[in-house]
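Each reported figure results from applying straightforward, stated rules to the coordinates on display, with no laboratory input. Please read these numbers as outputs of a predicted model, since none were measured by experiment. Cβ placement follows ideal geometry from the backbone for every residue including glycine, while neighbour counts extend to all protein chains displayed.
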Amino acid sequence: MTIKKEFENGILTIYPEGKIDTSTAPEAEIELKDDVAAARKLVIDLTDLEYLSSAGLRLLLRLNKTMAAKDGMIVKNVNDSIMEIIEITGFTSILQIEE
Amino acid sequence: MPKITLPAEIDNIETATDFINGILDEADCSMKAQVQLDIALDEMMSNVARYAYTSNVGDVTVSIEILDDPRRAVLTLTDEGIPYDPLQKEDPDITLSAEERKIGGLGIYIVKKSMDDMSYAFEDGKNIVTIIKNI
């Protein structure tokens, strides 16, 4: 998994590629820590993400909690199989998802 | 039945995933079912890696078989760790808000909801989790 990042006017946009699962979620969290702390708002673009497992969902939940104290977090460009995981786990009511 | 036995460690999940994907590719499994099976394997094998063995690291055996009528993949994880039935795990309350949400139990819940069948047996000192997905 790799994560491209853009930082502009306090808005951090990240583009994770590949898979966020048990093996890759911890490194993703470390990779994002400093940038997320500095960001006012977080945009997660999932265009190039193949899938996320519960470890990925837990990461999204923690990021969402961190950003809730600031200007929030948006998840966008979610593919069908990822959307299904988000739906069956009830995360649709927690995450702000944009087309 | 094709199978692979590895030390039950997080770092070996990728090897096990490559193994099942090889079989699923040959079986012309749909991309969606394959992704769901990969996620299920990640959830189940990470549980074994974290909780099955308390002192030294034991093995986990992953086997996969393709059956017909209906065409389905039967994925089995076997370990010799402490007896643990994942089906007894209480489902998370998915109606709670982010603040109230507990972090545990989500993985097994995803497996239960995305697979067509899931069963558990404890035989000859081994935990055997079998999940079935129509492909």
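Around the Cα centre of the protein assembly as shown, unit charges on the Cβ atoms of Lys, Arg, Asp and Glu (plus for the first two, minus for the last two) sum to a dipole of about 760 debye.
Computed over the protein assembly as shown, the range of Cα coordinates on each principal axis works out to 59, 40, 31 Å, biggest value leading.
Would you mind calculating the gained length between B:Asp18 and B:Phe122 on full extension (0.36 nm times residue separation, minus the Cα-Cα distance), in nm to one decimal?
34.8 nm
For chain A, averaging the sequence separation of C-alpha pairs within contact (under 8 Å, six or more residues apart) and dividing by the residue count gives a relative contact order of 26 percent. Helices that extend 18 Å or more along their long axis by alpha-carbon positions and average at least -1.0 on the Kyte-Doolittle scale are, among the DSSP H runs of chain A, A:25-38, A:54-68. With a Förster radius of 30 Å applied to the C-beta separation of B:Met1 and B:Gln88, the computed FRET efficiency comes to 0.70. Shape index of chain A: Rg/Rh, with Rg the Cα radius of gyration and Rh the Kirkwood radius from the inverse mean 1/r over Cα pairs, equals 0.92. log10 I(q)/I(0), Debye, Cα-only the stretch B:3-134, no solvent, q = 0.13, 0.19 Å⁻¹? Normalising to I(0) and taking log10 leaves -0.54, -1.09.
Counting only Cβ charges, +1 for Lys and Arg and -1 for Asp and Glu, the dipole size of the stretch B:1-54 around its Cα centre is about 220 debye. Dividing the helix sum by the residues of chain B, where each DSSP H run of 4 or more adds -39500 (n - 2.57), gives a mean residue ellipticity at 222 nm of -9500 deg cm²/dmol. Each of A:Leu52, A:Leu95, A:Ser23 was placed along the dipole of the stretch A:2-98 (beta-carbon charges, centred on the mean Cα), and the one lying farthest toward the positive end is A:Leu95.
Starting from the Cα gyration tensor of the stretch B:68-132, take the square roots of the eigenvalues, sort them a ≥ b ≥ c, and report rounded, prolate or oblate (rounded when a/c is under 1.5, otherwise prolate if a/b is larger than b/c, else oblate). Taking the square roots of the gyration eigenvalues as a ≥ b ≥ c, the stretch B:68-132 is oblate.
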